[in-house]
1. Give me the residue from the range A:153-197 that is farther than 23 Å from A:PHE270 by Cβ and polar (S, T, N, Q) and, out of that set, nearest to the chain's Cα centre (by Cα).
2. Tell me which residues, restricted to the range B:44-64, are more than 12 Å from every other protein chain (Cβ to nearest Cβ), within 13 Å of ligand 2 (Cβ to nearest atom) and polar (S, T, N, Q).
3. Residue pairs, Cβ under 7 Å, 6 or more apart or interchain, first in the range B:51-63 and of a type in the set (Gly, Ala, Ser), second at pLDDT below 95 and more than 13 Å from ligand 2 (Cβ to nearest atom). List them.
4. If you scan the range B:11-22, which residues turn out to be surrounded by fewer than 18 Cβ atoms within 10 Å (Cβ to Cβ) and part of a strand (DSSP E or B)?
5. Go through the range B:192-212 and report how many residues are open to solvent by 10 Å² or more (accessible area, probe 1.4 Å) and over 15 Å from B:LEU227 (Cβ atoms).
6. Go through (1) closer than 22 Å to B:GLU203 by Cα; (2) part of a strand (DSSP E or B); (3) within 15 Å of ligand 1 (Cβ to nearest atom); (4) open to solvent by 10 Å² or more (accessible area, probe 1.4 Å) for B:GLY46 and report which single condition fails.
7. With B:GLY84, B:GLY65 as the choices, which residue is within 14 Å of B:GLU5 (Cα to Cα) and open to solvent by less than 50 Å² (accessible area, probe 1.4 Å)?
8. Among the candidates A:TYR75, A:TYR84, single out the residue that is touching a residue at least 24 places away in the same chain (Cβ under 8 Å), within 21 Å of A:ARG17 (Cβ to Cβ) and of a type in the set (Ser, Thr, Tyr).
Amino acid sequence: MHRILAIAGNTFRETVRDKILYNLILFALVMIFSALALGQLSLGNDNKVIVDLGLGAISIFGTMIAIFIGIGLVYKEIEKRTVYALLAKPVRRSELVVGKYLGLVFTLLVNLAVMTVGLELALWYTGGADPMSYLRVLAVVALTFLSLCLVTALALFFSTFSTPALSALFTLFLWIIGHFGNDLRNFGELTKSEAMQWLCRILYYVIPNFSNFQILDWRYVLQPSSENTWTIPYAQTVDPGMVAGVVFYCIVYVALALSLGIAIFRSRDFK
Amino acid sequence: MPIVEIENLTKDFAVGFWKKRPVRALDRLNLQVNEGETFGFLGPNGAGKSTTIKLLMSLLRPTSGAARILGKPVSSTAMHQEIGYLPENPYFYDYLTPVELLTYAGKLFGLDGDELRKRTKSLIDDVGLGHAANRQLRKFSKGMVQRVGLAQALINEPKIVFLDEPMSGLDPLGRMDVRRIILSLKARGVTVFFSSHILPDVEAICDRVAILNKGQLQEAGKLADILKVGVTGHEIIVAGGGGDVTDELRGICEEVHLMDDRLHLRVKDKERMERALRFVFDRKLGLISVNPIRPSLEEHFQSMVSAAPDGARPAAAEARN
Ligand SMILES: Nc1ncnc2c1ncn2[C@@H]1O[C@H](COP(=O)(O)OP(=O)(O)OP(=O)(O)O)[C@@H](O)[C@H]1O
Ligand SMILES: [Mg+2]
């Protein structure tokens, strides 16, 4: 365990000192500020602009960090031959993969935390939001974080056997069609062809279903709530069972992706 | 007691883009390294030295055969706790400083706290990087990275270290540093297994050597035994001389050269050597030295390698690249 932590710690340091991270963060800030400036022009409803922009930025930039740093983690280690000295130490290959994964997940956590604090502060500064809104923002970010854990695992999985460019392509592809998971299943149920039904069913289970992480609709984040509960009038309720289900889904999927990645990484020759 | 046991170790690489065909990089290598030995692993470029070391580090999987270190199979993670490794042309995380790199390496061995700090500092000083201990490796020269590499290989105070060309990229002072470090490891009883092209260094510090060529072991044994075979005569150096002395010595010795007021005499057999020495004493010339003439490791290596039969493995080897 101490080895996994050491590797995770070093990965965190690597990502923090990585230029990509700063470019992404700078880009995010520029986007947010220019959008805020635009938002000033629109009439009233500043909070809506802030929440939409803030959550959007967190989701997009979180995903970019997860993909673009995730694809390089293992690949760089092999390409730059730093893996030689590392694996000659008493480090299992599985420990390397898991440590790298946890390191990046921690980077994401810190990033999301900073961005969320910024968002909540902006919300507080403009004033007028329902007290529950702050918590709902947190809940949406928490779900986004879970989805990023999954994206990271996918990126890492691909990077154990393919180049960064291809890994990015694969991950991005899965991320995009993964948002249409439910549509895929519905389509499968509607179609007449037996083969098509099976195909859709298989794809539905194989492709990570990112719509699972959207059980909280952003549109309702700012709705005034009744009796200080999670219940939002006219909208949706957050069912604890559903949340537990999403967490479980995420863990199982991440574990599968990492196990497969480890199996591939184990079989590799480092020449 | 053998600390490294290599049995019939063989490695094929698949080369070619469409039609993969195997190329034998290492061919049924059998070798043992004893505890406390400084073992030199020699061979021309492409002989299979790095391949062997990577197989021992379990970075490559053997095609066949097996190897054991400290009595355990090379795939044993626990065994790696006791060994150190410096890769060929090493490269480390360029965003780290030497102190950070060594701390990270130490943590992987379960070290921590004061002990780790102490070792980190003393190793960095040992490899002569005290002045750059907190500079990021991206700003390091090749030789400086090589030195950091040596330091990280020793952080766990290993029982045996594998150094793949530890002297490459180093300036003459750096080479002396590495020699000194290897000798001090040896004095502490650490087994050192290293590959090198710098034969005078090998000759100066190794107990035993193995010579590899085209993936096959040519020879392995004590350096003294390997080189002893070829004593071809003696060289006598004498101060003074000149004039008739030189002429008279020419009658006794096979070769006589006058260099800087010194006479360099070469004699092939014992009888001539005695005559030459008696002459030197009778004439009260100053005797400076008498040395056996034997081939250097370099010369031996050359004759070994050029004598090796061709086609020891598929000719496709050259097709790489
Ligand atoms: N990844 C690879 N794919 C194919 N062939 C390889 C690969 N790596 C090494 N070889 C071949 O294996 C043989 C041995 O290579 P190795 O690197 O072990 O040589 P070496 O003795 O370390 O040489 P050097 O002194 O140049 O470092 C060479 O013929 C090389 O072409
Ligand atoms: Mg080599």
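The values are calculated or read from the model by the stated rules, or taken from the named source; none is laboratory data. None of these values were measured; they are calculated from a predicted model. With ideal geometry, Cβ positions are generated from the backbone for all residues, glycine too; neighbour counts draw on all protein chains shown. For the accessible areas, the whole protein counts, side chains as well, though only heavy atoms, and no ligand, DNA or RNA atoms are used. Shrake-Rupley method; radii C 1.70, N 1.55, O 1.52, S 1.80 Å.
1. This residue is A:THR171.
2. Within the range B:44-64, B:ASN45, B:THR52 meet the criteria.
3. Cβ pairs passing all conditions: B:SER58/B:VAL74; B:SER58/B:SER75.
4. Selection gives B:ALA14, B:VAL15, B:ARG21, B:PRO22.
5. 2
6. (2)
7. B:GLY65
8. A:TYR75
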